[in-house]
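Worksheet: the structure to be examined is printed underneath.
The values are calculated or read from the model by the stated rules, or taken from the named source; none is laboratory data. Treat the numbers as computed from the prediction; the structure is a model and nothing was measured. Ideal geometry is used to build each Cβ from the backbone, glycine not excepted, and the neighbour counts take in all protein chains shown. Side chains are part of the model used for accessible areas, which takes the heavy atoms of the whole protein and leaves out ligands, DNA and RNA. Shrake-Rupley method; radii C 1.70, N 1.55, O 1.52, S 1.80 Å.
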Amino acid sequence: MVKNFIKLIPAAALMVVVGCSSQPSFVVKGTTNAETETVYLTSGKDTLVAAPVVNGAFEATLALDETTPNTVYVRDGSRQSAMLFVENGTVNYSKTEDGIKLSGAPLNAAYQAYQDKMAELSAAFRKAETEEEAEALYEQSDNLDKEFYEQNLDNYIGLYQLQSLQYSME
């Protein structure tokens, strides 16, 4: 019995070390249509993570701590990049000829849904035939901005949206 207990001590110690060392992380699992060997997560001019692209797919992991920025950009060497809100979880990223789509982690999924609604309003605005139609769509867009801000007062999106609202009020 004592021998078995002694054999369990190293295993228990390993479980404690592994259990305590799990750090929150932000993971981006994605695909890109860009001809590139590497995708980068950047903040400003800093490269935070460089992830290899294999058969158009990549996975980038960013450990979260007090120095982690609130937003990062996914850059694949093309002119099109995507801003992501950093949060504990996994974001699914897909870049095709039709654009970039995000899903998965709650903040990024919410921002994608907002962007999709804004794109619909923008397309309708371009097709508007009268000034009244255009004005109504502009008002819908303005209301959507305000609603999205109010729904996200407790997270980074709210801060980002506040900046956008500030520009629209000027």
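Whenever a residue of the stretch 46-61 is within 16 Å of N92 (Cα to Cα), it has no partner that is small (G, A, S) and open to solvent by 90 Å² or more (accessible area, probe 1.4 Å) lying with C-beta atoms less than 7 angstrom away and at least six residues away or across chains. For the stretch 110-119, filtered to residues that are within 17 Å of the chain's Cα centre (by Cα) and free of Cβ contacts under 8 Å to residues at least 12 places away in the same chain, the residue that is most open to solvent (accessible area, probe 1.4 Å) is Q115.
Here V53 does not qualify as hydrophobic (A, V, I, L, M, F, W, C) and either exposed (fewer than 12 other Cβ atoms within 10 Å of the Cβ) or under 21 Å from Y160 (Cβ atoms) (or both).
The set of residues from the stretch 77-92 being over 18 Å from K45 (Cβ atoms) and open to solvent by less than 10 Å² (accessible area, probe 1.4 Å) comprises F85, V91. For the stretch 120-164, a tally of residues being touching a residue at least 12 places away in the same chain (Cβ under 8 Å) and closer than 18 Å to T71 by Cα returns 11. The number of residues in the stretch 48-86 being over 17 Å from Q23 (Cβ atoms) and among the polar types (S, T, N, Q) comes to 6.
Whether a residue is within 19 Å of G44 (Cβ to Cβ), within 18 Å of the chain's Cα centre (by Cα) and not small (G, A, S) was assessed, and P106 does not pass this test. Scanning the stretch 37-70 for residues that are of a type in the set (V, I, T) and outside any loop (DSSP other than H, G, I, E, B) yields T38, V39, T42, T47, V49, V54, T61.
The sole residue among Y160, Y114 that is out of contact with any Ser or Thr (no Cβ under 8 Å at 6 or more places or on another chain), assigned to a helix (DSSP H, G or I) and among the aromatic types (F, W, Y) is Y114.
One residue alone among K95, K101 is open to solvent by 20 Å² or more (accessible area, probe 1.4 Å), at pLDDT 90 or above and of a type in the set (K, R), and that residue is K101.
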